[in-house]
Amino acid sequence: MALFKTLKQVKQAMSPEAIKQGLEASRTELSGSSTGLTDEQLAAMAPEQRAAYDAAMEQTARGQAEAATAHREHADREHARRALYGPAGDHVYGPLPSAMPQAVSVEDTMAVTKEQFKDVLRNPFGSRKPTPPPGAPTGAVDRDEQAAAERAARTAAREPYLAPDRPELEFSRMATRSKTQVEEVAAYLGSSGLSGRADLVLGVYRVPDHIGSGVLRSGSRVVEWDVVHAAAPGLPAAAPAAAPFFDAEERWVRRRDGERAPLDEDLALAYLVRAGIGPEQCLGIARTLQITNRGGGEGDSSYTVSQVTGVNVFHPAALGSGVFKHLRGERPLSAEPVAGVRVEVLNWRVIARAVHPETHRRYVVPSPFPYLPSTPQELLRAYLGIVGIRPEDSYGVQVTEDKPWDIQGVSQKGPMTISTNRGDEQPCADGELRRRLTASSRVVLVYRDGPEYVEGRARWSAYERDVLQAALSHGTNTRPAVERPSFLDRGVVGRLYRGAEHVSDFVEGVGGTDPFEKIPPYRYCWPLEE
């Protein structure tokens, strides 16, 4: 009889109505709104039922505690990973876990995962379907007036954080030709007199944008450079600057598996220290960029790939004689970080995803997040003004790139994601209108540290937290640990593995060209030392 009674209870427990009630009860339990059975219900239980109930409640409590701990740990990891918080952070990354409801259905999770997987299939090399921005003000607005008003509001918000004795700075932009760009910049530094007054210069850098369209000889393409300096009218002309170049594909630095990869600036500083050139004599450290169109053959997608190919060190020509040759003969070098020198790397790319998501167009006006800077130059100027860096303490400042990436514009046309390498026409430094893809991922500053700059960085941290709602050192992957390629990266197995990764080649029927396949994974230290 006991067996029949048990079978009857099992049948009742497995009925659709009982299952529905159980699911509702479990959701209530997980949400924390249930307080368990009443005292009367507990008193009516047989001893063995009460023991089973208590054991189940203890197990539930342990599970809830473990789930809460896991949730907090996940939220902490996510918070540490993000470079943006607040409305812009939610737009770029999605809501923080702490802001998500505790109960999420399997269907919702699968829907999100499905969309993310579709993005990977469509864009295996990093371009992704743009997230729709929050609603911007509607109605006709004058772009220049609106942008100026937003910029003025950001300037006012920055005012309480500025260094009291900050220098007045100028950004001088010049147009050069790709083939002769370094020589033209060196000549400008001489003709302007700045190469004779390096103590007035914070840095020079190649603007990371891709200018022009169509078939142009690489040497004739316009390339812009910025010179960041203190105001200094009427300087006498000086000799052109020197600009030794360190090729990123040459093995300048010794690194073993697991050691930290060198920054471009680490190698430049090794040269400057050996040459006895301090920041007051340095005109700038500038990563060298190359932008090339790759793929585009029959059955292949095309890519406009920006990559760092080396670093130039600008300084007066009379200094550093013979040092470059000596360093070349001593390779591989150690190129460790230099004591007393601060290398600051800021994540501009994450801000661009919020305020300038389409590289083939100008930044969005009205801005969906007007408290964030609209250009990397505005971010650079903000850091310089808040920390209060003086030109005589600066080795170099720049808006630049880090990892190679496809800078083509990505936009959404109905259900389709479209890529283009034809940017909108925008004015260049020489006054001409040309098509432009606006790139850049990092803002990098190298300067001699001191107590006043420690205080300045405290102001910067407060400004990041209170105004930008950001932590822009996050996501920069500065000096990552180098790794030797595994068997999955080598030979036929590597090609098969990469082919399996890029499953869109099969789904979309396109060729298997990988635009990054021949680019070394690390600069200046590849191949690794055994």
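Read-outs throughout are calculated quantities, based only on the coordinates presented, and are distinct from any laboratory measurement. Source: prediction; values computed, not measured. Every residue, glycine as well, gets a Cβ built from its backbone with ideal geometry; the counts of neighbours run over all protein chains shown.
Would you mind ranking 246, 171, 314, 516 so that the residue whose beta carbon has the fewest other beta carbons within 10 Å leads the list?
On the way: 246 24, 171 12, 314 27, 516 16.
Ordered by Cβ neighbours within 10 Å, fewest first: 171, 516, 246, 314.
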Note the per residue figure in Å³ for the convex hull of the C-alpha positions in segment 37-102.
86 Å³
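For residue 466 and residue 50, calculate 0.36 nm times their separation in residues minus their Cα-Cα distance, and state this gained length in nm to one decimal. Don't jump to the answer; show the numbers that get you there.
Working: separation 416, 0.36 × 416 = 149.76 nm, distance 5.37 nm.
Gain in length upon complete extension: 144.4 nm.
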Here the FRET efficiency for residue 247 versus residue 330, based on Cβ atoms and R0 = 22 Å and rounded to 0.05, is 0.90
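What trypsin sites (Lys or Arg not before Pro) in segment 144-242 are in a loop by DSSP, with at most 11 other Cβ atoms within 10 Å of the Cβ? List each step's numbers first, then the result.
Values: sites: 151, 154, 158, 173, 177, 179, 197, 206, 217, 221; in loops: 197, 217, 221.
Answer in residue order: 217.
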Among 210, 91, which comes first, then next, by fewest other beta-carbon atoms within 10 Å?
91, 210
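Rounded, prolate or oblate for segment 374-453? Axes are the square roots of the Cα gyration tensor eigenvalues, ordered a ≥ b ≥ c, and the cut-off for rounded is a/c under 1.5.
Prolate, because a/c is 1.5 or more and a/b exceeds b/c.
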For segment 252-297, shape from the Cα gyration tensor axes a ≥ b ≥ c, cut at a/c of 1.5 then a/b versus b/c, turns out oblate
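Just to verify a number: FRET efficiency for residue 378 and residue 530, C-beta to C-beta distance, R0 = 45 Å, to 0.05?
On the way: r = 46 Å, r/R0 = 1.02.
Result of the calculation: an efficiency of 0.45.
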